Structure formats: structure tokens, C-alpha cells
Amino acid sequence: MAGTRRDKSGAGDDGRENTISRMEARAKAEERNDDLATGSFPQVRRNGSGKRSVNGSGLKAKLLSSTLVVLMCALLGFGYMTQINNTQSTYETLSEDELVRLINETSNQAQLLEQRKNELSSQLSSLKAAADQREQAEKIAKQNEETSGIISGRLPAQGQGVVITITKGSKDIDAATLFTLIEELRNAGAEVISVGDVRVITSTSITSRDEQLLCDGVVLDTPYVIRAIGNPGDLQNAVNIAGGVGSRLKVMYGSRVTVVQSDDVVINAVRGTTTYDYAKNVE
């Protein structure tokens, strides 16, 4: 039995020695692999620890990318704010000479604008004056046209005046008496006159034919109606004045003469345009 124990003890010693030898050999091999003097790098074993190393490198790359993005956004924001601050403080950073030059340029531009404003104001005033003159000229021309139209008999007229009615008496009224009545009305200020349906103008004449009175060739029917526009009182006095044409009509011809004042005497009788052979407008 003692032999048997010795054998087992010898075998155990040999086993421990072998294990120690293997561990020493492995340690030496690792030292050779880790020795920087050899120019070699540690060997990477293909085991579970290698996979963890690769995953760690991917995470580091993601962190680095995120950091770069954040840094770029920060730089962009800083640049934008810097630009705004530079814009707001442009005048603050200018030198005194630059500020003086800028003020002078601004003053010159203001003077030019003021000069242009004055020129435009002057042109506007001239245009307004010209427009006013044209308007005034047109107004005067219209008034002259209306006045000329009324005087020449081309336009109807209305206004204050009198309406005179003369009946046929015991004798026929002669043309001279009726024409005298028209002249008395003109002298009293009558502006527009009509006898019957005939407009009286400067060339109007009263004639007689076959015991009938004619005004510019138009036969007048009795009673004779004369309308005159003017001052009603003056016109009535011109007819009814003692010893005047009204008294003559009553005494010599037995006619009844009636004069009625009115605020609205309407004369619709008109004349056409008169053509003159010798009279011309003065140019």
C-alpha cells in the first residue's frame, strides 16, 4: 500500500509540474505578443470579447457624429447672431470721417429731394393755373355763347318781364306804331322781345300788307301779343307813360292795351343762324 501511495504522489507531482510549465509557457507567449519592441500588436482573439469591441467602436462613431452636428448648428447660430449684431452696429463701428461723409451724402440727397419737390410743386401750380385759366375761358366762352345766342335769337329765353296784349280797335294799327312800341321797350331795357311767334332781333322790321301787319314777313294775328324780358316796372312804364305809345293806341286806334308783369316770361320763338355777306369776325 505504501508503494501505491508513492505512485499516486509521484503522479500528482508530475501533473502539477506540467500545469505550471504550461502556464509559464503561456505567460511567456503573451509577453512576446505584448512586447512593443517587436513592432507587433496584441493579437485579437475571435471570441465574444471581440464583438463587444466592434459594438463599442460603432457607438463612439455615433456619439462623434452627433457631437459634430450639434457643433455645426451652434456655429451657424453664432454666425447668424454675429451678422445681426454687425448690421445693427454698422454705424457704431464707422469712424468719424466715415460718419461725416455719410452725413454729407445724406444732406446732399435731402437737398436734391427738396429741390425736386419744389420743381414738382411749381409744375403742379402751373398746371392748376392753366387748368383754372382754361376752365375760366371755357366758362366765359359758354357765357358769351349763351349771351350771343339770346341776343341773336338762336336760343330760347325766360325771366322777369311783361306780357302786353293789344286788341283790334276801330281802326287798323299801322306798322309804324307797333314798331315804335318795340323801340320803346328796347329803350326801357328789354333784353329779349317777341311779337306773336316771331323773335325780335336787331334786323327785325314791321310792315303792312293787305291791311295786315307782318313781322319779318310773318303775318300777325289779333290780338297782338308782345312778350318782353327785362325790368317789369320799367317796361310797364314805357307802355303806359302818359302820351306814350300805349295812350296813342287807345286814343287813335281804339285798341285796348293790357300790360301784365310776370316773374317768369318764357320766349320760345327762336331764329336760325344768320349768314352775313360782308361782316366778318375780327381775328
Within segment 178-196, residues in contact (Cβ under 8 Å) with a residue 60 or more places away in the chain and within 19 Å of Arg248 (Cα to Cα) come out as Thr180, Leu181, Glu184
Does Ala228 meet the test of being at negative phi and either part of a loop (DSSP other than H, G, I, E, B) or in contact with a His (Cβ under 9 Å, 6 or more places away or on another chain) (or both)?
no
For segment 244-251, state whether one or more residues are within 22 Å of Gly169 (Cβ to Cβ) and in contact with a Gly (Cβ under 6 Å, 6 or more places away or on another chain).
no
Does Ala269 satisfy being at negative phi and touching an Asp or Glu at 6+ places or on another chain (Cβ under 6 Å)?
yes
Taking the criterion of being assigned to a strand (DSSP E or B), open to solvent by 10 Å² or more (accessible area, probe 1.4 Å), without any contact (Cβ under 8 Å) to a residue 60 or more places away in the chain and among the basic types (Lys, Arg), would at least one residue in segment 203-217 satisfy it?
yes
If you go through segment 150-174, how many residues are outside any strand (DSSP E or B) and surrounded by fewer than 16 Cβ atoms within 10 Å (Cβ to Cβ)?
8
Pairs, please: C-beta under 6 Å, at least 6 apart or cross-chain, first residue aromatic (Phe, Trp, Tyr) and in segment 240-269, second exposed (fewer than 14 other Cβ atoms within 10 Å of the Cβ) and in a loop (DSSP other than H, G, I, E, B)?
Tyr253/Lys171
Please verify whether Arg199 is outside any loop (DSSP other than H, G, I, E, B) and touching a Lys or Arg at 6+ places or on another chain (Cβ under 6 Å), treating the condition exactly as stated.
yes
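Does at least one position in segment 242-259 carry a residue that is part of a strand (DSSP E or B), surrounded by 11 or more Cβ atoms within 10 Å (Cβ to Cβ) and of a type in the set (A, V, I, L, M)?
Yes: segment 242-259 contains one or more residues that are part of a strand (DSSP E or B), surrounded by 11 or more Cβ atoms within 10 Å (Cβ to Cβ) and of a type in the set (A, V, I, L, M).
With respect to Arg134, determine if the residue is farther than 30 Å from Thr273 by Cα and modelled with pLDDT under 90.
So Arg134 does not fit the description; no.
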Condition set charged (D, E, K, R) and part of a loop (DSSP other than H, G, I, E, B), scope segment 260-278, selection surrounded by the fewest Cβ atoms within 10 Å (Cβ to Cβ): answer is Asp277
Taking segment 165-197 and keeping residues of a type in the set (A, V, I, L, M) and over 17 Å from Val259 (Cα atoms) leaves Ile173, Ala175, Ala176
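The values are calculated or read from the model by the stated rules, or taken from the named source; none is laboratory data. Predicted model, so just to flag it, every value in this text is computed and none were measured. Here Cβ is always computed from backbone atoms with ideal geometry, including for glycine, and neighbour counts include all displayed protein chains. Quick note on the areas: whole protein, heavy atoms, side chains included, nothing else; ligands and nucleic acids left out. Shrake-Rupley method; radii C 1.70, N 1.55, O 1.52, S 1.80 Å.
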